[in-house]
Amino acid sequence: MTSSKAATEEFYEQYKPLVDALLDKHALEVTVHDLSEVSGFTEAFIVAIARSDLHAKTLRDTASEKLDEMRLPHKIEGEESTRWCLMDAGHLVVNILSREGRDYYRLDSLWGDAPALKFSDQDE
């Protein structure tokens, strides 16, 4: 775990099960952005990077199952996209991106002022 900003462990703790599930499925990177002070539409923004189209589907299914376990109803947009899938759970938005999608959309740079914690696959 590396800290890209001074995000609080307390804030992150509520999203740890989801982050752990994505890392268990070997997401290349998972970043948790704390938007509670800078956004009016969501509290947390998670970005996970997939290795392939099949891997993106696996990450999407894993995140959806974990959101269900966390009792967070969600909508999925971009389910068939090879670049970006967005899962909107209200106060939490989960983004599954391909490497190409990460470079194209540059979502992490949108929230550069917000505290964030970045995690990497330990097997990488």
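Can you tell which of Leu97, Leu117, Leu54, Leu67 is hydrophobic (A, V, I, L, M, F, W, C), in a helix (DSSP H, G or I) and touching a residue at least 12 places away in the same chain (Cβ under 8 Å)?
After ruling out the rest, the residue left standing is Leu67.
If you go through segment 13-45, how many residues are at pLDDT below 95, within 16 Å of Leu72 (Cα to Cα) and touching a helix residue (DSSP H, G or I) at 6+ places or on another chain (Cβ under 9 Å)?
Looking only at that region, the number is 3.
Using the structure shown, decide if Leu59 is in contact with a Pro (Cβ under 9 Å, 6 or more places away or on another chain), modelled with pLDDT of 95 or more and part of a helix (DSSP H, G or I).
Considered against the rule, which asks whether it is in contact with a Pro (Cβ under 9 Å, 6 or more places away or on another chain), modelled with pLDDT of 95 or more and part of a helix (DSSP H, G or I), Leu59 comes out as no.
Are any residues in segment 13-49 in a loop (DSSP other than H, G, I, E, B), under 13 Å from Ala63 (Cβ atoms) and of a type in the set (Gly, Ala, Ser), and if so, which ones?
Selection gives Ala27 alone.
Have a look at Arg60, Arg51, Arg71, Arg83 and point out the one that is under 23 Å from Asp123 (Cβ atoms) and over 13 Å from the mean Cα position of the chain (by Cα).
When all the criteria are applied, what remains is Arg51.
Which residues, taken from segment 85-107, are among the charged types (D, E, K, R) and crowded, with 20+ Cβ neighbours inside 10 Å?
Of everything in segment 85-107, just one residue is among the charged types (D, E, K, R) and crowded, with 20+ Cβ neighbours inside 10 Å, namely Arg102.
How many of the residues making up segment 70-94 are in a loop (DSSP other than H, G, I, E, B) and of a type in the set (Val, Ile, Thr)?
The total comes to 1.
So Gly78 fits all but one of (1) over 22 Å from Pro17 (Cβ atoms); (2) small (Gly, Ala, Ser); (3) surrounded by 21 or more Cβ atoms within 10 Å (Cβ to Cβ); what number is the exception?
For Gly78, the failing item is (3).
Out of all the residues in segment 38-72, which are closer than 15 Å to Leu117 by Cβ and surrounded by fewer than 20 Cβ atoms within 10 Å (Cβ to Cβ)?
Glu43 - this is the single residue of segment 38-72 that is closer than 15 Å to Leu117 by Cβ and surrounded by fewer than 20 Cβ atoms within 10 Å (Cβ to Cβ).
Scanning for something at negative phi, assigned to a helix (DSSP H, G or I) and touching a residue at least 60 places away in the same chain (Cβ under 8 Å), does segment 105-113 turn up at least one residue?
Within segment 105-113 (the criterion being at negative phi, assigned to a helix (DSSP H, G or I) and touching a residue at least 60 places away in the same chain (Cβ under 8 Å)), the answer is yes, since at least one residue qualifies.
Here is a check on your reading of the model: is Met87 of a type in the set (A, V, I, L, M) and touching a His at 6+ places or on another chain (Cβ under 6 Å)?
So Met87 passes the test.
The values are calculated or read from the model by the stated rules, or taken from the named source; none is laboratory data. Everything numeric in this text was worked out from a predicted model, so none of it was measured. Heads up, the Cβs are rebuilt from the backbone with ideal geometry, glycines too, and the neighbour counts pull from every protein chain shown.
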